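Chemist: I have a structure I would like to understand better, so I am pasting it below and will then ask my questions one at a time.
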Amino acid sequence: MYLFTIAGLGLVIIALIDIYLTVLHPRIDSSLISVPLSKLIWLLFRFVAKLFPRFKKQIFSHSGSMMIIIIVTTWLLLLLFGFTFIVWPNLGFEIQSDNGGTEMDFAAALYYSGYSLTTLGTGDLVPKTDFHRLLMVLQAAIGFSIFTLTITYILSVYTSIIKRNTFALSMYHRSGGTADATELLAKLISHNNSNNAQQDISNIARDLIDLLESQKAYPVLIYINLPQAYYALPRILFLVMDTSTLIKTALHEKKYRSLINSAAVAELWGGGMHLLNILSKSLLPKRHLFISEQEEENWRKRYYLAVERLNAQNIKTVSNLEEGADLYVALRRKWTRELTQLVDYMAYNWNEIAPHEDYDC
């Protein structure tokens, strides 16, 4: 009897703690069930996608929504079975039927707890002691609160999704639909106007910080994907990090000093690195990724092409090309490894994230 009560109480406590951490104290590293369960479901979706590679994008497009449904269902089941274990030993004694004999099996206990938890009442089973009357009220209060919190949580998640997708689409069109940071930078500094560029970069950085906080609060966001690659979180991060890297290394150090050293660029670089670090520590599998000399040579070639493109737009570039290339490679080492791991974890190909780079890293 006591073992059932203790087990039931444990299930209820686990559910309530996870609901509190997920909805009322949302942080990417504070979860008992939601984050580990999301990772497990994502592995399942990846397995299914490997079985049906032709439908990979369609399969992944449903992963995030299914995670939310499964997480909410898990909360409800934990509460339902937890309260069922608590009341089951007391059927026929402290909880009785108002229609004669009281059924004392598990199904009857589940029926009683389900009625109470969904705030429908008690049905034909009635509590006869003060403790179980209060427990019935507590179940109804918890059930009502959970339904309210769940609706709030879902609305918050999907509001964040809309903001992220809007940001992704904005970055896509700012780069002329190329996903190339060079094109984005060339448009930002059109007519050599660095003041306007600072304001534009500041706006991008503000959207990035908003995305950072949303991802920290709602870890499930990373698993909500649309089939189009330009909505992908790794695509956003690639554009952000490559743009800030090119600003630091490709622009003329004197002519664009105020832009290079501006708070806007610092926020863009720092926000991107912060988001990558959080995702790497909290969600991505721990593994070491080796960067080859060939990959670094490809980055160098990429840098030369970027400088050439900026020059073609009459944008004054770095005075020492080789020093700029060395710095570009050094800065890319700081973020490409984690970004590549994120791309792999989310089952993208590198050419989907950076289609203008014709190599895999």
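The values are calculated or read from the model by the stated rules, or taken from the named source; none is laboratory data. As the structure is a computational prediction, the values presented were derived from the model and not from experiment. With ideal geometry, Cβ positions are generated from the backbone for all residues, glycine too; neighbour counts draw on all protein chains shown. Ligands, DNA and RNA are stripped out before the accessible areas are found, and what is left, the full protein with its side chains, is counted by its heavy atoms. Shrake-Rupley method; radii C 1.70, N 1.55, O 1.52, S 1.80 Å.
Chemist: With every protein chain present, what is the per residue accessible area of region 184-274 (1.4 Å probe, Å²)?
Modeler: 34 Å²
Chemist: Further, regarding this structure: Give the label of the value calculated from the structure for P(r) over Cα pairs in 20 Å bins from 0, in percent, choosing from (i) 26, 42, 21, 10, 1; (ii) 19, 31, 22, 19, 6, 2, 0; (iii) 21, 47, 23, 8, 1, 0.
Modeler: Recomputing P(r) over Cα pairs in 20 Å bins from 0, in percent here gives the entry labelled (i).
Chemist: If one computes the Cα centroid of region 307-361 and of region 4-24, what distance in Å separates the two points?
Modeler: 46 Å
Chemist: Next question. Leaving out ligands, DNA and RNA, what percent of the accessible area of the chain is carbon and sulfur, probe 1.4 Å?
Modeler: C and S fraction of accessible area: 61 percent.
Chemist: Given a cut-off of 27 Å, name the pairs among Lys281/Lys316; Lys187/Lys301; Lys163/Lys255 whose C-alpha atoms lie farther apart than that in the structure shown.
Modeler: Lys281/Lys316; Lys163/Lys255
Chemist: Give me the extension gain from Asp98 to Ile209: residue separation times 0.36 nm, minus the current Cα-Cα distance, reported in nm with one decimal.
Modeler: Full extension of this stretch gives 34.1 nm more.
Chemist: May I ask which residue of Leu188, Thr5, Tyr153 lies farthest towards the positive end of the charge dipole of the chain, with charges of +1 (Lys, Arg) and -1 (Asp, Glu) on Cβ and the Cα centre as origin?
Modeler: Of the candidates, Leu188 comes out farthest on the positive side.
Chemist: Follow-up question, since we're still on this one. At 0.36 nm per residue, minus the direct Cα-Cα distance, what do Lys255 and Lys128 gain on full extension? Give it in nm, one decimal, please.
Modeler: Here the segment from Lys255 to Lys128 would lengthen by 37.4 nm.
Chemist: On the principal axes of its Cα set, how long, how wide and how thick is region 269-312? Give whole Å, largest value first.
Modeler: Cα spread of region 269-312 along its principal axes, largest to smallest: 42, 26, 11 Å.
Chemist: What dipole magnitude, in Debye to the nearest 20, does the chain give about its Cα centre under +1 on Lys/Arg Cβ and -1 on Asp/Glu Cβ?
Modeler: The calculated dipole for the chain is roughly 740 debye.
Chemist: Please name which of Ser244, Ala312, Ser262 has its Cα lying farthest along the dipole of region 178-353 towards the positive end, using unit charges on Cβ (Lys, Arg +1; Asp, Glu -1) and the Cα centre as origin.
Modeler: Value: Ser262.
Chemist: Name the residue farthest towards the positive end of the dipole of the chain from the options Ser292, Ile68, Thr102, assuming +1 on Cβ of Lys and Arg, -1 on Cβ of Asp and Glu, about the Cα centre.
Modeler: Comparing the listed Cα positions along the dipole, Ser292 ranks first.
Chemist: Sorting check: for 297-306, 321-330, which peptide has the highest mean count of neighbouring beta carbons within 10 Å, and how do the rest follow?
Modeler: Ranking, from highest mean packing down: 297-306, 321-330.
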